[in-house]
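Let me begin by presenting the structure, written as structure tokens, before commenting on it.
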Amino acid sequence: MFEVAFTEAVCNVLGATDPPALSSSELISALRVVRIESLDEGANKRTRLLTTLHNAQVLRGTGNTLILFINAAMSPARYVTDPLRWEALRGQLNAVLVLYGLRVNEEGKLARGHAATTLSEAAQFSGELLTELRRRGCHAVLLKYCSEELIQQSLFHAVSEASKTIPDRIRRHTGLAGDGAALYDQALGSQNMTPLIQINSLASDSEVSEHRGFKNILVGVHGHYRNPRAHRAAGLDRSA
């Protein structure tokens, strides 16, 4: 039989208030698979689900109730019309389960997995953010700058580190020095400077506007995310 802390961790994910967590009706549908017809009373879905599952396990003297419930709740058949929701929910659940040496596999079943002893290891093993970026075809160079921050699930610092790839690669490809708006003016051009790098042929007003808009995005990213104390990425192999 699973300890209360484990059951609570699972319920905090599956019974959370916001998506991708399950609604009350979806929870009851999954509970019926383990012969439970309703949720116990409680302040919110999480506490109601925790009380329901914990009491059922105590009365039955087995942890199979929780296992079968997780399998039912995470059955891919429930998410045929919204597979991204299943992926997001599985990622959140695995970030908790990895602390207990468990995971939800590709079939939506509870299975043995890597056991993490720290939150950093849990993030590394579950790898929700890193896995999603790789699934979307993220450029390998980007991950050189921000993989540690992604593993630690720090979105702001991941974006901050990733933003350093832009001026760093521009300096590498143009031979220019400097940073920020001054660098982008020299590399991508301005009213008084011919661009060294073009994102299109600049053959029409539309293409010129697109090029200028792209440069403005880079300037905005620099101003919003860059750490003024660390304009350059340290300890990186510059051969990429």
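Residues in region 8-85 average 50 Å² of solvent-accessible surface per residue, probe 1.4 Å, ligands and nucleic acids excluded.
Largest accessible area first, the listed residues Cys138, Cys11 line up as Cys138, Cys11 when surface is computed with a 1.4 Å probe on the assembled protein chains. Couplings 3J(HN,Hα) for region 29-46, derived from phi with the Karplus relation 6.51 cos²θ - 1.76 cosθ + 1.60 (θ = phi - 60°), are 4, 6, 5, 4, 5, 9, 6, 10, 9, 7, 8, 5, 5, x, 6, 7, 4, 4 Hz, where x marks Gly and Pro. Rounded to the nearest 10 square angstrom, Met193 shows an accessible area of 80 square angstrom against a 1.4 Å probe. For Thr117, the solvent-accessible surface with a 1.4 Å probe is about 120 Å², rounded to the nearest 10.
Sparsely packed loop sites in region 11-52 (the GluC sites (Glu not before Pro) outside DSSP H, G, I, E and B with at most 14 other Cβ atoms within 10 Å) comprise Glu37, Glu41. Backbone amide hydrogens, once placed in the peptide plane, bring Asp40 within less than 5 Å of Thr52, excluding anything fewer than 5 places away on its chain. Computed from backbone phi with θ = phi - 60° and the Karplus coefficients 6.51, -1.76 and 1.60, the 3J(HN,Hα) list for region 98-106 is 4, 5, 10, x, 10, 7, 9, 7, 5 Hz; x is used for glycine and proline.
Using 0.36 nm per residue, how much length does the chain from Gln191 to Thr118 gain when fully extended, once their Cα-Cα distance is taken away?
The Gln191-Thr118 span can extend by a further 21.0 nm.
Compute the signed sum of charges (Lys and Arg +1, Asp and Glu -1) over the other residues within less than 15 Å, Cβ to Cβ, of Lys215. All intermediate terms of the calculation are to be shown ahead of the outcome.
Details: positive: Arg169, Arg212; negative: Asp179, Asp185, Glu207, Glu210.
In short, -2.
Taken about its Cα centre, region 31-79 carries a charge dipole of about 120 debye when Lys and Arg each add +1 at the Cβ and Asp and Glu each add -1 at the Cβ. Once the C-beta distance of Ser38 and Ala111 is scaled by a Förster radius of 25 Å, the resulting FRET efficiency is 0.30 to the nearest 0.05. With every protein chain in place and a 1.4 angstrom probe, the accessible-area ranking of Tyr100, Tyr145, largest first, reads Tyr100, Tyr145.
Rounded to the nearest whole Hz, the Karplus-based 3J(HN,Hα) values (6.51 cos²θ - 1.76 cosθ + 1.60, θ = phi - 60°) of region 193-199 follow the sequence 10, 7, x, 8, 10, 10, 8, with x at glycine and proline.
Please give the charge dipole size of region 1-96, origin at the Cα centre, charges +1 on K and R Cβ atoms and -1 on D and E Cβ atoms. Round to the nearest 20 debye.
Values: 9 positive and 9 negative charges, 36 e Å.
The calculation lands at about 180 debye.
Which value, in Å² rounded to 10, gives the accessible area of Thr174 with a 1.4 Å probe and all protein chains present? Taking all protein chains as shown, Thr174 has close to 40 Å².
The values are calculated or read from the model by the stated rules, or taken from the named source; none is laboratory data. On a predicted model such as this, the values are computed, not experimentally measured, just so you know. Backbone-built Cβ (ideal geometry, glycine too); neighbour counts: all protein chains shown. Note: accessible area is taken over every heavy atom of the protein model, side chains too, but ligands, DNA and RNA are not part of it. Shrake-Rupley method; radii C 1.70, N 1.55, O 1.52, S 1.80 Å.
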